[in-house]
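Any read-out appearing in this document is the output of simple, stated calculations on the displayed coordinates, not a laboratory observation. Keep in mind that this is a model prediction, so the values were computed, not measured. For neighbour counting, all protein chains shown are included, and Cβ atoms are generated from backbone atoms with ideal geometry for every residue, glycine included.
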Amino acid sequence: MKSIWFRLKELLGVLGDDFGHAELESAQQILGYHFREPGLLVLALTHRSYSHSLNNDLPSNERLEFLGDSVLGLIIADRLYEDHPEMMEGQLTKTKAKLVNESTLADIAIDVGLNRYLLISEDEDRAGGRERQSIVADAFEAIIGAVYLDGGLDAARDVVLRLIYTRKESIVTDQTHRNFKGALLELAQARGDGMPRYEVIAETGPDHEKVFSVVVTVDGARVGSGAGSSKKEAEQRAAAAALEHFRHQQQ
């Protein structure tokens, strides 16, 4: 354990203004859990790109992500087993997979705003790292691992049930929790097209019923559009349309 605390102090010693008291407090409020050892939360939010940009020997959240993955799986499996005695093993496995997969975790973390507090390098940030599903989901798992180390299984269970399990019905039916922007970002970068660009082209209606219209371009070409009651909703719908556009191209 001494080596863990030494590495945390080493990391905290070089952060400077990148992660202050206000950011730490806001992240803890989202989680509904306050750390006895706040350095664990900072470590959970530290992507390897950030630690490498400062010093290759500094720790990142990868070990905590490994731990959190197992803790999350245990908590979700335990609750599904208790809540659904009618489910056979196969159905339990499929339901658990939907609740703990990368897309689900990234969607929730972005929805509640945890991705705002990620410590990532400037290059990764410019490349859309705060929306990248793999980075955000890994950080969420690392946070669960950090809560487990700091407060034990009961504390981790409280966070997981409140932020993830309470959304079970919508996640299982796949109606609300899909991060289309994140999926489009990863597709565009895999194609070598760079970052998608979103532009609000119209705002209509009174202030209390505003409708935003958004178009998204990839590599300079308009590939999707969408409308919604918020810019975020409109962007997600535009990204969904763009994904459909690329799907048809592949057929």
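Here the Gaussian network model covers the chain, with springs between Cα atoms less than 10 Å apart; of Leu184, Leu41, Leu54, Leu54 fluctuates the most. Kindly state, to the nearest 0.05, the FRET efficiency for Phe66 paired with Arg191, given R0 = 22 Å and r defined as their beta-carbon distance. Using R0 = 22 Å, I get an efficiency of 0.15. Remark on Thr46: its backbone amide H falls under 5 Å from those of Asn61, Leu119, a criterion applied only to residues 5 or more positions apart or on other chains, H modelled at 1.01 Å from N. Label zone of Leu153 (point 7 Å out along Cα→Cβ, amide N under 18 Å): in the range 61-79 this covers 67-79. Take the Cα of Arg126, step 7 Å toward its Cβ, do the same at Leu74, and the gap between the two points is 4.3 nm.
One way to sum up the overall shape of the chain is the equivalent ellipsoid from its Cα gyration tensor, whose semi-axes run 31, 25, 17 Å, largest first.
The per residue volume of the convex hull around the alpha-carbon atoms of the range 180-250 is 68 Å³. Looking at the chain as a GNM with Cα springs under 10 Å, which of Asn61, Asn101, Asn179 has the largest mean-square fluctuation? In the Gaussian network model the winner is Asn101.
Once the Cα atoms are used to define both axes, helix 180-190 deviates from the longest principal axis of the chain by about 90 degrees. For the peptides 217-227, 76-86, residues were scored by their other Cβ atoms within 10 Å and the scores averaged per peptide; the highest-first order is 217-227, 76-86. Against the main long axis of the alpha-carbon atoms of the chain, helix 62-83 sits at an angle near 80°. In plain terms, the residue of Ser51, Ser70 with the fewest other Cβ atoms within 10 Å comes first and the most crowded comes last, giving Ser70, Ser51. In this structure, the residue pairs whose Cα-Cα separation is over 19 Å, taken from Lys96/Lys181; Lys181/Lys232; Lys210/Lys231; Lys98/Lys168; Lys181/Lys231, are Lys96/Lys181.
Seen from Gly151, the other residues with C-beta closer than 15 Å to its C-beta sum to a net charge of -1, counting Lys and Arg as +1 and Asp and Glu as -1. Its DSSP H runs of at least 4 residues, each contributing -39,500 (n - 2.57), put the calculated 222 nm mean residue ellipticity of the chain at -20000 deg cm²/dmol, to the nearest 500. With respect to the chain, whose longest principal axis is taken over its alpha-carbon atoms, helix 133-163 is tilted by about 40°. Considering only Asp193, Asp69, Asp158, the mean-square fluctuation computed in a Gaussian network model of the chain, springs between alpha carbons under 10 angstrom, is largest for Asp193.
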